[in-house]
Amino acid sequence: MTVSEDPLRRPVGFSLAISLLLTWFLLSDATAQSSLPTMTADRPFAPGERLTYAISWLSITAGKAVMEVADAPPIQGRAAFRFLTAATSTPFVSRFYPVDNRVESLVDAATLLPQRMVFRRREGKRKNDFDVLFHQSEGTITATKDGVTDKLAAPPGIHDSISSLYYFRSLPSLVPGSSQMIAVHHDKKNYRVEVQVEGLERLKGPWGEVETVRVLAIMPFQGIFLNEGNIRIWLTNDARHVPVMMKAKVVIGSVVARLTEGFRVPTAP
């Protein structure tokens, strides 16, 4: 397995509040591995997709995030993707809470299961470096944080916080009223997160007006940027399931990420 020589060099990825999402959800529980989808050419994303988000906090422009899909060298003969994310705060917000997070997740292109995740976290005074290897066939994870390595047991089909979002986007349908439990690895621990599909909602943005599916992820731990728990995500109600908005409560107020570039409503034929 190989990763780019410097996986954290390029400013690609998510954002502050989506550092929120860097801790959101994963695959269903350990008994549900048979339900994992095998992706095809009809997957809702492909290398070259790049989504840019504006982050606001208390009506203040707080930062920028980018989420990108890139090609990767094969892993043991299997096609692979590289999911790249970054979150940076504006100069104003950086005066009291600087954020500069960079993440790379290397995944199997067919199952979207992660093989390795590299995460450089810089939030306020908090500075951490993670390098996580997923041994999917063994049911274990080798997690290194700030130079200290531990080998942990993991449920079948576990994801990291980035691959989980793409996995969720790959589901063929999101039915209002449905929910599922998701297994999540975050900071040397495995969690079970409940994901609820709340309903449909129309949203307007720089990309036009779309019908969205509103999803609630109930977080059992404090995520990045000090979110207090639950995160809401609005995904386009179409085959692409593009996340056009995300929102999470923080210690004071809420952080909102709104898509600004990378998606346009398809024009009628």
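What the table shows:
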{"item": "Answer residue from the stretch 30-76, given it is loosely packed, with under 15 Cβ neighbours inside 10 Å and farther than 24 Å from R240 by Cα and is modelled with the lowest pLDDT among those", "result": "T31"}
{"item": "Some residue of the stretch 141-152 being surrounded by 15 or more Cβ atoms within 10 Å (Cβ to Cβ), part of a helix (DSSP H, G or I) and either in contact with a Phe, Trp or Tyr (Cβ under 7 Å, 6 or more places away or on another chain) or at pLDDT 90 or above (or both)", "result": "no"}
{"item": "Residue count for the stretch 171-214, restricted to those that are part of a strand (DSSP E or B), aliphatic (A, V, I, L, M) and either without any contact (Cβ under 8 Å) to a residue 12 or more places away in the chain or under 30 Å from G139 (Cβ atoms) (or both)", "result": "7"}
{"item": "Test set (1) closer than 25 Å to A257 by Cα; (2) small (G, A, S); (3) in contact (Cβ under 8 Å) with a residue 12 or more places away in the chain - A154 fails condition number", "result": "(1)"}
{"item": "Filter result (over 22 Å from F45 (Cβ atoms) and loosely packed, with under 15 Cβ neighbours inside 10 Å) within the stretch 153-177", "result": "A153, P176, G177"}
{"item": "Residue list for the stretch 97-114, restricted to those being under 26 Å from R43 (Cβ atoms), over 15 Å from the mean Cα position of the chain (by Cα) and in contact (Cβ under 8 Å) with a residue 40 or more places away in the chain", "result": "A109, A110, T111"}
{"item": "When residues of the stretch 167-182 are limited to those that are at pLDDT 80 or above and of a type in the set (A, V, I, L, M), the one nearest to the chain's Cα centre (by Cα)", "result": "L171"}
{"item": "Y97 being of a type in the set (S, T, Y), farther than 16 Å from D187 by Cα and buried (at least 22 other Cβ atoms within 10 Å of the Cβ)", "result": "no"}
{"item": "Residue among V251, V255 that is of a type outside the set (K, R), surrounded by 14 or more Cβ atoms within 10 Å (Cβ to Cβ), over 12 Å from L51 (Cβ atoms) and modelled with pLDDT under 90", "result": "V255"}
{"item": "Test set (1) within 26 Å of S89 (Cβ to Cβ); (2) under 15 Å from the mean Cα position of the chain (by Cα); (3) at pLDDT below 85 - S163 fails condition number", "result": "(3)"}
{"item": "Which listed residue, of V103, V132, is touching a Leu at 6+ places or on another chain (Cβ under 7 Å) and either among the polar types (S, T, N, Q) or in a strand (DSSP E or B) (or both)", "result": "V103"}
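The values are calculated or read from the model by the stated rules, or taken from the named source; none is laboratory data. No experiment lies behind these values; they were computed from the predicted model shown. Because the Cβ atoms are built from the backbone with ideal geometry, glycine has one as well, and the counts that use them run over all protein chains shown.
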